[in-house]
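Everything on this sheet refers to the single structure shown next.
The values are calculated or read from the model by the stated rules, or taken from the named source; none is laboratory data. A quick note: this is a predicted structure, and the numbers were derived from the prediction, not measured. Neighbour counts run over all protein chains shown; Cβ positions are idealised from the backbone, glycine included.
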Amino acid sequence: MIEDCLAETKDEFDFSGRLQSTSDMEKDETDMKEQTGVQDESKGSTRYAWIGAGGCGERLVKSFYDLGYRKALAVNASHHDLDLLDIPKSQKFLMEIGREEGTSRDMEKATRAIQQHRHDILHLTSQTFGTQVDRIMVCFGAGGGTGGGSVIELIEIAKRYSRYIGLENPNRKVGVIMTLPTAGEASSTLVAENAHKIATKLSQMATSGEISPLIIVDNDKIKKMHPEMTVKSFWPSINNTVASLFDIFNRLSSLSSPYTCFDPADYGSIMGAGGCLIMGASEVDRLDDTLAISKSVENSLQTALFAGGEDLSTAKAGGCIVIGGNELMAHVKGMQDNIDYAFDILSEVSGQATICRGIYEDERDGLGAYTIIGGLKSPTARLEELSTDLYRQPNLVEIEDLPLKERREDILPMAEYFLTKQANSCGEPDKILSSEAKTLLLNYSWPGNVRELANAIEYAYDVTVGPHIPPDALPFDIIFADTELYSEHALPTIDRVKLRITRKAYDEFLQSLS
């Protein structure tokens, strides 16, 4: 755990910002000199502010909020998503888009909404963040409508705010965390097109130095690396891991060391290097192996949560930090040589990048290696996969010895694929499975295999009015299947569906009598 390997710090910061009015938008703002805003509780060297856009972005921000980064805002077009988010109401902003709920993956609708509300969002930003901020990060999920459609405008709002409080070179002080959809999510043509469009745009901005850094979290890569993860744990685990890994480098840069420090200037140079940024962490297994630390560093980057395919030789700056137990540092011979060798190897593969080094000790029994690399070129090949049919189309082959009920990881990707296929054949907009409908699909036994799934999705699409498919739109065989086939956490969902259908039948009966 991060809390076990990092000591808490209480460094005091002396930051004075200055409001500079250069536009009508700026003239509307109040004097922000030395405003505290929400009290931050993070322990790192850099004071961050966070903006989450859409459902994915707001959940990412919540993970940082839980780590003490309390200067956080959530922006969404869905009041339902915002209501479920456990942060103060004053730090949530609902973009009104008329009578509709959400953007239904329509990025243009979200863009229009954010442009209408940008003055209000900037005002809320000043109230929440105050002037004691060093960097701003915007979080969102590529593929959705609200996040993808609002992120560019939110970046511009963050830059304007940075100028207001006197930060130098806002392009280097505003960064983005973007998540890529899983193959199942991207089986929807609209999701894949949204993701490819906005990911390409942000990659260009990162390369040209308009944002720094761009961190790309690859949900599909993570899903393939950890197929055992349940639907319930998948998203929270990713968000919490990303936030924790991000936090550890910020906190390490605030600590002193009797050996070699990874100081705030080192950390700042990496975060401001432009391009893409990746991070990794791993435990070193064999301390008697000269190559153990360097292998661990390499493995941590290959198995990280971030998009693969980055060329490390394009890096502009990086850091490698080793943390070992007190006893190891005092008694293991050759430890310094092994650490230096790992540093040297990373320098070689990183081309001309400056690799900052840090060596720390704590009370742990083993040795951990933490690596952060910035200024990388975008993983173009990975992003282009979003535009290919091969990426979007799931494996529809029915394997005689492996029925659908035994390969549940394929159920939702196939369902999304059939939804898109049905929408295209009808010439109508895409529809989205509700979380309760997904629960029913995942816990059904599927005696008819892929053909039964295709028929069920076609039926649900046809009977659903609106963009979200509710659980009671599914065929009755799925809803009222033997409850012994369902996991325990799915039973409340089944009960709610039964109640909803019973009420609907009763209402129809009353109408027939009138």
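The combined condition, being at pLDDT below 90, outside the structural domain of Gly308 (by TED's automatic domain parsing), closer than 27 Å to Glu153 by Cα and not charged (D, E, K, R), is not fulfilled by Pro170.
Scan segment 154-173 residue by residue and report those that are touching a Leu at 6+ places or on another chain (Cβ under 9 Å) and at positive phi. Passing the criteria: only Gly166. Taking only segment 66-105 into account, find how many residues are at pLDDT below 85 and buried (at least 19 other Cβ atoms within 10 Å of the Cβ). Summing the residues that are at pLDDT below 85 and buried (at least 19 other Cβ atoms within 10 Å of the Cβ) in segment 66-105 gives 5.
Looking only at segment 376-386, residues that are crowded, with 22+ Cβ neighbours inside 10 Å and either of a type in the set (A, V, I, L, M, F, W, C) or modelled with pLDDT of 95 or more (or both) come to 2 in all. Answer yes or no as to whether Leu277 is part of a helix (DSSP H, G or I) and either under 26 Å from Met205 (Cα atoms) or not assigned by TED's automatic domain parsing to the domain that holds Leu180 (or both). When the stated conditions are applied, Leu277 does not pass them.
Residue selection: Ala281 fails the criterion of being modelled with pLDDT under 90 and either within 20 Å of the chain's Cα centre (by Cα) or surrounded by 16 or more Cβ atoms within 10 Å (Cβ to Cβ) (or both). Scanning segment 259-273 finds one or more residues that are assigned to a strand (DSSP E or B) and either hydroxyl-bearing (Ser, Thr, Tyr) or surrounded by fewer than 22 Cβ atoms within 10 Å (Cβ to Cβ) (or both). Selection over segment 43-57 of residues that are within 13 Å of Leu167 (Cα to Cα) and part of a helix (DSSP H, G or I) gives a count of 0. Taking the conditions (1) part of a loop (DSSP other than H, G, I, E, B); (2) buried (at least 19 other Cβ atoms within 10 Å of the Cβ); (3) at pLDDT 95 or above in turn, Ser63 satisfies each one other than (1). Taken together, the residues in segment 204-230 that are among the acidic types (Asp, Glu) and within 20 Å of Met279 (Cα to Cα) amount to 2. As a summary of the residue check, His123 satisfies the conditions (1) farther than 30 Å from Ser434 by Cβ; (2) in contact with a helix residue (DSSP H, G or I) (Cβ under 9 Å, 6 or more places away or on another chain) except for the one numbered (2). Being at pLDDT below 80 and crowded, with 16+ Cβ neighbours inside 10 Å is the filter here; which residues of segment 424-438 pass it? Within segment 424-438, Asp430 is the sole residue that qualifies.
Cβ separations smaller than 6 Å between residues 6+ apart or across chains give the following pairs from segment 217-246 residues that are farther than 17 Å from Leu180 by Cβ to residues that are assigned to a helix (DSSP H, G or I) and not β-branched (Val, Ile, Thr): Pro227/Glu409; Asn240/Ser63; Ala243/Ser63; Ala243/Phe64. In the set Glu153, Glu185, only one residue is modelled with pLDDT under 95, outside the structural domain of Pro429 (by TED's automatic domain parsing) and buried (at least 19 other Cβ atoms within 10 Å of the Cβ); that residue is Glu185.
Is it fair to say Lys438 is under 12 Å from Met414 (Cα atoms) and either outside the structural domain of His80 (by TED's automatic domain parsing) or in contact (Cβ under 8 Å) with a residue 24 or more places away in the chain (or both)? Yes.
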